[in-house]
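Okay, so here's the structure we're looking at.
The values are calculated or read from the model by the stated rules, or taken from the named source; none is laboratory data. Please read all numbers here as calculations on a predicted model, not as lab measurements. Virtual Cβ from ideal backbone geometry, glycine too; neighbours counted across all protein chains shown. These accessible areas exclude ligands, DNA and RNA; they are computed on the full protein's heavy atoms, side chains included. Shrake-Rupley method; radii C 1.70, N 1.55, O 1.52, S 1.80 Å.
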Amino acid sequence: MELETVLVEVRDGVGIVTLNRPKAMNALNLQLTSELGRAIDTLEADEGVRCILLTGGEQVFAAGADIKEMKVHDFASLYALNFPYVKRDCWRAIDEARTPVVAAVAGFALGGGCEMAMACDFIIAADTAKFGQPEIGIGTMPGAGGTQRLTKAVGKAKAMEMCLTGRMMDAEEAERSGLVSRIVPAEELLESAFRTARKIAANSAPAVTMIKQAVNMAVDAHLADGLRHERHAFQSTFAFADCAEGMDAFAEKRKPVFKHR
Ligand code: HXC
């Protein structure tokens, strides 16, 4: 894959994608969002990749949409472009990925950067991470899930305050509020997030997909629908060879050997 603004590497069943516009604080311009979309789609299509790890730099995950690129637009041109969901870009690719996508965030995750981390399945944060929706400071508002996913993750009071004032949340507060799954020292972030992604990649792929879909149902559906979906999905996992293997391995006191089918 010939990409400039994202770096891609595959290791042990994990597709590692690194945002790479360091001079612009990984600001999300159209080139980056389109290249990131291609990278995610390509990894998603690769049977050998069973988890995707999305990360940025040490100082910044991403500082949001590229303001200098965005500022030339008016309503008509943004509407015509369907910004930020431009053609097959990263927003759709992350939203629709069946492969779990884990975000590893160090430094600033602001505006579209915070929204991108929240679009992933969960976030592991370095102790240096800072999350915020500062769009109000430039006279606009979140446009890729900030008012929706942040509110679902941390509740109305914190989301409203952050979106209305631009106040950032540090890693401690983010963990306390349920925005991130855990915090690790900055120097251990990549290794620790990779170990987590590798663990997911080693699990039975069809069971992983079903769990991802079922947990997402809890976010979007009524409890009764979610419980019904979960029960059917649970029963369906018994159709997978990996399920029989996992239970046999337990009974025989050995490690399971998953074939991901
Ligand atoms: C374009 C950006 C940028 C951005 C930083 N840069 N953020 N360029 N768009 N969002 C550029 C700066 O212009 C500068 O370029 C270089 O990166 C370094 O940034 P500094 O500001 O000098 O660094 P620092 O003082 O360390 O401050 C870091 C920062 C600050 C706190 C992250 O840059 C900042 O507040 N950025 C904007 C954050 C923001 O408002 N995000 C929301 C965007 S709107 P030069 O060339 O001068 O060196 C949005 C809407 C989402 O995200 C809609 C859906 C996608």
Net charge near A202 (other residues with Cβ under 14 Å of its Cβ; Lys, Arg +1; Asp, Glu -1) is +4
Loop-resident GluC sites (Glu not before Pro) in the range 17-78 with no more than 13 other Cβ atoms inside 10 Å, DSSP not H/G/I/E/B, are E47
In a Gaussian network model of the chain with springs linking alpha carbons closer than 10 Å, the residue among A251, A157, A218 that fluctuates most is A251
Among A207, A244, A104, the residue with the largest mean-square fluctuation in a Gaussian network model of the chain built from Cα contacts under 10 Å is A244
Carbon plus sulfur, as percent of the 1.4 Å-probe accessible area of the chain, comes to 57 percent
A student applying the Cα gyration tensor rule (rounded when a/c is under 1.5; otherwise prolate if a/b is larger than b/c, oblate if not) would label the range 205-252 prolate
In the chain the DSSP beta bridges are antiparallel at a rate, in percent to nearest 5, of 25 percent
The alpha-carbon center of the range 76-136 and that of the range 1-44 are separated, in whole Å, by 13 Å
Only helices counted: for the chain, with every DSSP H run of 4 or more residues adding -39500 (n - 2.57) and the sum spread over all residues, [θ] at 222 nm is -14000 deg cm²/dmol
Output ordering of 126-132, 222-228, 2-8 (per-residue mean of other Cβ within 10 Å, highest first) is 126-132, 2-8, 222-228
Counting only protein heavy atoms and rolling a 1.4 Å probe, one gets per residue an accessible area for the range 6-202 in Å² of 47 Å²
Share (percent) of C-alpha pair distances in the range 165-261 greater than 16 Å works out to 70 percent
Filtered hits (lysines, Cα-Cα < 17 Å from K23, offset >= 8 within chain) -> K68
Given all pairs of distinct Cα atoms, the range 6-202 yields a Kirkwood Rh in Å of 16.6 Å
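Once you have the Cα-Cα distance between Y85 and K68, take 0.36 nm times their residue separation minus that, and quote the gain in nm to one decimal.
Value of the extension gain: 4.3 nm.
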Counting only backbone N atoms under 17 Å from a point 7 Å out along Cα-to-Cβ of F234, the residues of the range 183-210 in range are 207-210
Sparse-neighbourhood loop hits (chymotrypsin sites (Phe, Trp or Tyr not before Pro), the range 191-261; DSSP loop; Cβ within 10 Å at most 12 others) -> F238
